[in-house]
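Since every read-out is calculated from the coordinates, none of them should be taken as a lab result. These numbers come from a predicted model, not from an experiment. Every residue, glycine as well, gets a Cβ built from its backbone with ideal geometry; the counts of neighbours run over all protein chains shown.
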Amino acid sequence: MTSASPAVSGHVAVTPGVSPERHRLGSLLIRASTILLGLVIVVQSLYALGYISFGFSNWQPVLVAYVLWSVALCWGLVLRDGEAGWRAIFVLPAVLFTVALVIFPTVFGLFIAFSDWNLQSANGRQFNGLANLRQLWADPYFWNALGNMVFYVATVVVQYAIAFGLALLLNADIKAQKFFRVSFLLPFMLSPVAVSWMIGKSMLEYRFGPVTNLLRWFGWENPSLLTTPWLAKTTIALMDAWVWIPFMMIMILAGLQALSKEVQEAAKVDGATGWQGFWQITFPLMLPVSMTTIVLRVIFQLKLADIVINTTSGGPGGATDTISSFIFREYKDRSNVGYGTMIAEIYLILIIIFIALLLWATNRFMQRHA
Amino acid sequence: MPRALNRILIYAALIIWTIIALFPIFWTFSTSFKVAKDVQLGHIIPWVDFTPSWLGLRAIGLSPDTIFTESTPRAEFIKRFWNSIQASIGASILALILGSMAAYGLSRFSYHWKIWKNRDISFFFLSQLILPPVVLAMPFLVLYKELALLDSMIGLILIYTLSVLPIVIWIMKDQFDTIPQELEQAALVDGCSVWGAFFRIILPIALPGMVAAFILSVILCWNEYFFAALLTSSYAKTLPVMVASQTGSQGISWWSMAALSSAAILPLIIIGIFLERYIVKGLTTGSVK
């Protein structure tokens, strides 16, 4: 490349340090690759729609063309814009990657959402207008799953309280702090599928699981943890808490350790004065960290699926369903991608509204308490 | 409250939570050494309650007496294990490359693409965190079918990269922001190019952040189930899908499920014990200011 110094070239160079030939070559490269990509897409579309008889057997060449176009675009920018081009291609690959894999599928999802499309049947895609939307409005399982999501999101507050307690314990003057920290962190790292089996299917086993045995020992005669609707929901929430409390705990612990020494002294769990000190000093100071932690945790909670799918598959009677596990079942049982996508897109809209409101409320709250 | 009592209470609470956190892990590892009778009688402590047997490891062909013989279950298990390694390492490397570059650009230069400025680009990346996997699941299913990427390693790696990219960018941008700009400016004066300064000066300093981002990505990809369950069937199936598909087929053979689950969580437990520092660093990035 040419040097970064803003050399003044006497000719018509648009960018310092870039000769007109090079500038033209860069522009040409970008234009030519764009035309090539467009051509591949048009040919393949016409072929897929049956207008022309030549084309590729699948759409993979379009993907290859997109990758080539991305490379040519980056290269062309460097040739055309010099220093600015070199800077642009730091961010450009990630943007092109994300656009291809998020924006395009989400928009394509809208196209699927308004159709009756069973992947198993030979009929292929059938546009069915607002039928999916009407079906969704009348679907009790959807509303039930949405209600469950409210419950699961609400449990984040309980998880937060426990996590804060654990973080305070770890922040106290204790021996073997590292051992306890690692032990407390481990559940967060385990695969939700393994957790579903380890806890859900085996430790909570009705006849001889250690947890049910323990509950019987405490005098609970019939601990049907996963078959009574409200109990099943609570059990799933507890398993989810087991996995995610370490995450919140680590965030809060980092917040506690970032406080100044004097405040930390007050934050130590230390009798009655410590209790007062906590509410008057530590807790208010920890509000910003707490808010970040809770918002992040809520965002992750809205994706809850794996544990539900693998422990109860949404049962009994949809009592533990989340939106994600409901859609997963809808697809696995009926392979209807149209309806599933409609639910997903509606859910996305609800999430965006909810998160926006949450962030707005948090900001307002923080400003008032600042 | 007397100080001694206070100490006792703290340690009691710590130990109780340690048991809550570790018992399921201990239970899983120990169950893979139990025979049916031990499981049904709820035996817990090895050598006291029950005599350990190789039943679980034999079921996946890894016990001492089967390890040198041909074994179909072992071949299957190793294939899934290898798939999981490929998917998580591949996606993490790709995400680290794309993410570090983007994070560095956003941290150092001010972009102005049409109406897009740095803040908008950063928000664009971070907003991907909100997107639940279900929204992308069905479109990907249809698109991958058309692209002949269904049940392929590349397809899985691409979507895993996508799901960890925002986290990598978040961690790396925070990391680059803490490195003083004077360092590159000195290098630029010495005739280094922007990319030369990035590779030779900045990346070595940002290494701890990169390790943190990489480990966190590996953990997330290793545990991923939703996309793997939808987008893979026979060839590219990963370990979590294999574990999930075992239940319910012919009743549950406890020891083999326990052995499989143990194998799925063991690598992460090792990572957790030895690289805990980096995981904490990755998780707490940007949240504590």
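A compact table of results
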read-out: Förster radius 41 Å - calculated FRET efficiency between A:K175 and B:W47, Cβ distance, rounded to 0.05; value: 0.90
read-out: At least 15 Å along the helix axis (C-alpha) and Kyte average at least 1.6, DSSP helices within chain B; value: B:207-223, B:254-274
read-out: Relative contact order of the stretch B:3-59, defined on C-alpha pairs under 8 angstrom at six or more residues apart (%); value: 31 percent
read-out: Average Cα contact separation per residue, the stretch B:3-138, under 8 Å, 6 or more apart, as relative contact order %; value: 11 percent
read-out: Inter-site label distance for A:A361 and A:I103 at 7 Å from Cα along Cβ, in nm; value: 3.2 nm
read-out: About the Cα centre, charge dipole magnitude for the protein assembly as shown (Lys/Arg +1, Asp/Glu -1 at Cβ), debye; value: 360 debye
read-out: Residue-averaged beta-carbon neighbours from other chains (10 angstrom radius) around A:234-245; value: 1
read-out: Nearest-ten-degree value, helix A:104-113 long axis tilted from longest Cα axis of chain A; value: 70 degrees
read-out: The stretch A:134-369 - convex hull of the alpha-carbon atoms, volume per residue in Å³; value: 151 Å³
read-out: Tilt relative to chain A, helix A:177-189 - C-alpha long axis, 0 to 90 degrees, to 10; value: 60 degrees
read-out: Cα gyration tensor shape of the stretch A:20-113, rounded if a/c is under 1.5, else prolate or oblate by comparing a/b with b/c; value: oblate
read-out: Chymotrypsin sites (Phe, Trp or Tyr not before Pro) within the stretch A:44-137, DSSP loop, no more than 11 other Cβ atoms inside 10 Å; value: A:Y51, A:F54
read-out: Radius 13 Å from Cβ of B:A213, net charge of other residues (Lys, Arg +1; Asp, Glu -1); value: +1
read-out: Acute angle (nearest 10 degrees) that the helix A:83-98 long axis makes with the longest principal axis of chain A, alpha-carbon atoms; value: 60 degrees
read-out: Mean ellipticity per residue at 222 nm, deg cm²/dmol - from DSSP H runs of n ≥ 4 across the protein assembly as shown, formula -39500 (n - 2.57); value: -22500 deg cm²/dmol
read-out: Semi-axis lengths, Å, the protein assembly as shown, gyration tensor of Cα atoms, sqrt of 5 times eigenvalues; value: 44, 34, 25
read-out: The stretch B:1-117: projected area of the alpha-carbon convex hull, averaged over directions, in nm²; value: 17.2 nm²
read-out: Relative contact order (%) - the stretch A:22-142, alpha-carbon pairs under 8 angstrom, separation at least six; value: 22 percent
read-out: Alpha-carbon Debye profile of the stretch B:72-284, log10 I(q)/I(0) at 0.08, 0.10, 0.15 Å⁻¹; value: -0.35, -0.53, -1.02
read-out: Virtual paramagnetic centre 7 Å along Cα→Cβ of B:W113, amide N under 19 Å, in the stretch B:88-106; value: B:95-106
read-out: Residues A:V43, B:V194 arranged by fewest to most Cβ contacts within 10 Å; value: A:V43, B:V194
read-out: Share of pairwise Cα separations in the stretch B:3-59, more than 14 Å, in percent; value: 63 percent
read-out: Neighbour count of at most 10 Cβ within 10 Å plus DSSP loop: longest trypsin sites (Lys or Arg not before Pro)-free window in chain A; value: A:1-174
